[in-house]
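Encoded as structure tokens, the structure appears first; notes follow it.
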Amino acid sequence: MTDTKSVNNSKEDAITEREYELLLEGAQRLRDPYDHQCRFVIVACGRLGLRAGEVAHMTEEWIDWNAKTIDIPLFEACEKGRQSDEPCGYCRERARSIVEHNEGITFEQALETRWSPKTAAGARSIAFDFDTRVQMTVERFFDRYDRYPHSRVSVNRRVDKAVEEADGLDENRIYPHALRATAASYHGSRGLTGLPLQSLLGWERLSTAENYLNGTKEATARAVRSIHGLR
């Protein structure tokens, strides 16, 4: 399962700050419980840099409320299938992909490894108290739920719903992966350096993080304003 739009690691996927705020406005216009679910998905992807599969499998057990971090595990048994004790369709598809690319592994063996992050680097700790609005979004969501309550494909649908309600947004440009790119650009433009950004996003290669640090419009504008005493 991938985003229905094209997927890559390019910073060009990122949406602007204005588009991000319009997207949140769109989420606020939805009826309950979609408003809370959409807002959480937008913030989780667009500020915390979670992958859609990570959002779908997230439980409150991942959260350290004292440290204010989301601790994504290397493995979490998936029980989000049609039967409560079975892996979901997304994990079954990932298991089939593992079998196709690895000789000597059966589907059942591959399925026993689900769920796990896309890469080993995906097991990471993400602070969510750097921004009050981000922190409150996480807190409010888990006041209602002990886990994300729906499937992997619903993560895309929640973003689509917010786009539909928002003013002037292009539905072909805004999807979970684009929001993850937005998170990378957001933190990179505010001074997060290569290794911490790589860790935050769970990338295997430092070069991916460095792509977001090379001359973003936001970083350039912030630097110009800084040297002239402007904010």
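In table form, for the structure just shown:
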read-out: Residue tally, condition acidic (Asp, Glu) and part of a loop (DSSP other than H, G, I, E, B), over the range 63-84; value: 2
read-out: Some residue of the range 94-114 being in contact with a Cys (Cβ under 9 Å, 6 or more places away or on another chain) and either at pLDDT 95 or above or closer than 18 Å to Arg47 by Cβ (or both); value: no
read-out: Pro87 vs. criteria part of a loop (DSSP other than H, G, I, E, B), under 18 Å from the mean Cα position of the chain (by Cα) and more than 20 Å from Tyr20 (Cα to Cα); value: no
read-out: Hey, Ala56 in the same structural domain as Arg205 (by TED's automatic domain parsing), out of contact with any Ser or Thr (no Cβ under 7 Å at 6 or more places or on another chain), buried (at least 18 other Cβ atoms within 10 Å of the Cβ) and in contact (Cβ under 8 Å) with a residue 12 or more places away in the chain or not; value: no
read-out: Some residue of the range 79-87 being modelled with pLDDT of 95 or more and crowded, with 17+ Cβ neighbours inside 10 Å; value: no
read-out: Test: residue in the range 75-92 that is under 27 Å from Gln198 (Cβ atoms), of a type in the set (Asp, Glu) and touching a Phe, Trp or Tyr at 6+ places or on another chain (Cβ under 8 Å); value: yes
read-out: Matching entry among Leu30, Leu22 (being assigned by TED's automatic domain parsing to the domain that holds Gly188, closer than 14 Å to Glu165 by Cβ and part of a helix (DSSP H, G or I)); value: Leu22
read-out: Complete set of residues in the range 16-54 that are out of contact with any Pro (no Cβ under 7 Å at 6 or more places or on another chain) and among the charged types (D, E, K, R); value: Glu17, Arg18, Glu19, Glu21, Glu25, Arg29, Arg31, Asp32, Asp35, Arg39, Arg47, Arg51
read-out: Failed item, numbered, when Ala121 is tested on (1) modelled with pLDDT of 95 or more; (2) within 17 Å of Tyr20 (Cα to Cα); value: (2)
read-out: Pairs with Cβ under 9 Å, 6+ apart, first in the range 97-110 and within 18 Å of Glu86 (Cβ to Cβ), second of a type in the set (D, E, K, R) and part of a helix (DSSP H, G or I); value: Phe107/Arg92; Phe107/Arg96; Ala110/Arg94; Ala110/Arg96
read-out: Given (1) more than 21 Å from the chain's Cα centre (by Cα); (2) aromatic (Phe, Trp, Tyr); (3) buried (at least 21 other Cβ atoms within 10 Å of the Cβ), number of the condition Phe107 does not satisfy; value: (3)
read-out: Residue in the range 149-187 that is surrounded by the fewest Cβ atoms within 10 Å (Cβ to Cβ), counting only those that are more than 12 Å from the chain's Cα centre (by Cα) and within 23 Å of Cys91 (Cα to Cα); value: Pro149
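The values are calculated or read from the model by the stated rules, or taken from the named source; none is laboratory data. Everything quoted here is computed from the prediction, not taken from an experiment. When we count neighbours, we look across all protein chains shown, and the Cβ atoms used for this are built from the backbone with ideal geometry, even at glycine.
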